[in-house]
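Student: Shown below is the structure under consideration.
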Amino acid sequence: MTTSYAPAEHGTSARDPAPSAETPGIGPGRRYDLDWLRVCAFGVLIFYHVGILYVTWDAHVKSRYSSPAIEPVMGLINPWRLALLFFISGVAVRFAIDKAPLGGFVLARSTRLFVPLAFGALVICVPQSYVALRYLGEIPPGFLAFYRDYLGLGRYAFSLPDLHHLWYVAAILAYTLIVAAALPVLRAATGALGDPFFGWLARGRSWRLLFVPAIPFVLYVAILEVYLSSTDFGDWAGVARTFTFFLIGFLAAKNEDFWNAVDHALPASIGLSLVLGGLLLTAWLNQFDMAADTRLLYAALLLRALYAWSIFVMLLGLARRFANRPSRALTYLTAAVFPYYIVHQTIIVVSGYWFTMHEVPLAIEVAAILGATILGCVLSYELIRRVAVLRPLFGLPLREKKALQPLPLLEPTAR
């Protein structure tokens, strides 16, 4: 089985892809399943961020229709929505770092991620901060006056400049630099520990893959969530989870045993995900009763960690079995998804704020915000991809190259 994953835009070299901005190259052995997973994960993320307007959880802007109604569904999405993205980023970094001199890789990757991160903080995210502070009643109308304070780091309910959703790009940049700095250690660990461990997983029954790698995530809950307050110490549990998924992607990227274990565990992962998802849904529907019993609450947190890992394995397996094939839609969407990600939340927050200030029926409001977000993403990308000066600001190569003709689909093995 070939497991190469070489993200590059429309047939360009895989020497210089960014893990959050990689775009598809058509070539032998390309992991189309991971491309599809990445596109779908970002798509789910966009709808999830629209949903944030309509739940009771804290957010900068809320709809007047916010309620607990969709919180159980959001709660089932939340544990795994970022796991796939960080895992796939780790896979992409592994293949890219093995194909380029380390110094060139670090320079190219840092530029590819830092430029859109800086541009996003200074331009794209500013309207989010403006409407959020208007929503809180902290500033008077006047965007230009606010922007002067924004650049001057004015003191408000939250710190400025604010990265908002672009924290993900900052995290990927930080994790990439950590991996590059520790590359000799990681390469040694891959041969001495990673490969034997994945081989052990592949030789055993499905429970090995479904439970043993989940142990660190259970410990993160027990130590970092239960005993350390996120408000006092920062979100160390979130950092630990995302960095661990990133490292797993990096270590497992070229390991055939890991992917064989995923294939073998697919039926069991589906069953376990359904059982754990049902238990978590029950917990969500009875959350007020559970809040009164600390033991039940902790048990739900531990189940959530196991659920996140099991559904992660399930999605990897389903994609390998049913989505490991190219298409024109995939080529387009993989190139578009990073610009979509950069612009989507600003559109959601600004349109959500406008509707919050106006009384509009719920159905019309939801349809309009979804429509504005999707249309805004599409039109933004179509403009960005055609204007050379805009492309690097949104994580794309300076020039768009023509796509190569798709090659015949390789037959997947080790099912």
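Quick grid of which residues meet (1) part of a helix (DSSP H, G or I); (2) among the aliphatic types (A, V, I, L, M); (3) closer than 23 Å to Met74 by Cα; (4) touching a Pro at 6+ places or on another chain (Cβ under 8 Å):
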{"position": "Tyr227", "(1), (2), (3), (4)": "no, no, no, no"}
{"position": "Leu247", "(1), (2), (3), (4)": "yes, yes, no, no"}
{"position": "Asp257", "(1), (2), (3), (4)": "yes, no, no, no"}
{"position": "Ala265", "(1), (2), (3), (4)": "yes, yes, no, no"}
{"position": "Leu272", "(1), (2), (3), (4)": "yes, yes, yes, no"}
{"position": "Ala299", "(1), (2), (3), (4)": "yes, yes, yes, no"}
{"position": "Leu315", "(1), (2), (3), (4)": "yes, yes, yes, no"}
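Student: Given the options Gly90, Gly120, Gly103, name the one that is surrounded by fewer than 16 Cβ atoms within 10 Å (Cβ to Cβ) and of a type outside the set (Lys, Arg).
Tutor: Of Gly90, Gly120, Gly103, the one residue that is surrounded by fewer than 16 Cβ atoms within 10 Å (Cβ to Cβ) and of a type outside the set (Lys, Arg) is Gly103.
Student: Just checking, does segment 12-27 include any residue being out of contact with any Lys or Arg (no Cβ under 9 Å at 6 or more places or on another chain), assigned to a loop (DSSP other than H, G, I, E, B) and either over 21 Å from Arg328 (Cα atoms) or at pLDDT 90 or above (or both)?
Tutor: Among the residues of segment 12-27, not one is out of contact with any Lys or Arg (no Cβ under 9 Å at 6 or more places or on another chain), assigned to a loop (DSSP other than H, G, I, E, B) and either over 21 Å from Arg328 (Cα atoms) or at pLDDT 90 or above (or both), which makes the answer no.
Student: Here is a list of conditions, (1) outside any loop (DSSP other than H, G, I, E, B); (2) surrounded by 15 or more Cβ atoms within 10 Å (Cβ to Cβ); (3) in contact with an Asp or Glu (Cβ under 8 Å, 6 or more places away or on another chain), and Arg321 meets all of them except one; can you say which number that is?
Tutor: The number of the failed condition is (2).
Student: Of Leu144, Leu153, which residue is at pLDDT below 90, hydrophobic (A, V, I, L, M, F, W, C), more than 30 Å from Leu274 (Cα to Cα) and not in a helix (DSSP H, G or I)?
Tutor: After ruling out the rest, the residue left standing is Leu153.
Student: Quick one: in segment 39-56, of everything that is more than 10 Å from the chain's Cα centre (by Cα) and aromatic (Phe, Trp, Tyr), which residue is nearest to Leu333 (Cα to Cα)?
Tutor: Among those residues, the one meeting the criterion is Phe47.
Student: A further question follows. Being assigned to a helix (DSSP H, G or I), closer than 23 Å to Ile172 by Cα and free of Cβ contacts under 8 Å to residues at least 60 places away in the same chain narrows it down to one residue among Tyr341, Tyr381; which is it?
Tutor: Just one listed residue meets the conditions, Tyr381.
Student: Also, I was wondering about something else. If only one of Leu276, Leu306 is surrounded by 15 or more Cβ atoms within 10 Å (Cβ to Cβ) and either among the acidic types (Asp, Glu) or more than 30 Å from Ala188 (Cα to Cα) (or both), which one is it?
Tutor: Leu276
Student: Any residue at all in segment 233-253 that's touching a Phe, Trp or Tyr at 6+ places or on another chain (Cβ under 8 Å), over 27 Å from Ala108 (Cα atoms) and not aromatic (Phe, Trp, Tyr)?
Tutor: Among the residues of segment 233-253, at least one is touching a Phe, Trp or Tyr at 6+ places or on another chain (Cβ under 8 Å), over 27 Å from Ala108 (Cα atoms) and not aromatic (Phe, Trp, Tyr), which makes the answer yes.
The values are calculated or read from the model by the stated rules, or taken from the named source; none is laboratory data. The structure displayed is predicted, hence computed values, not measured ones. Neighbour counts are summed over all protein chains in view; Cβ atoms, including those assigned to glycine, are modelled from backbone coordinates with ideal geometry.
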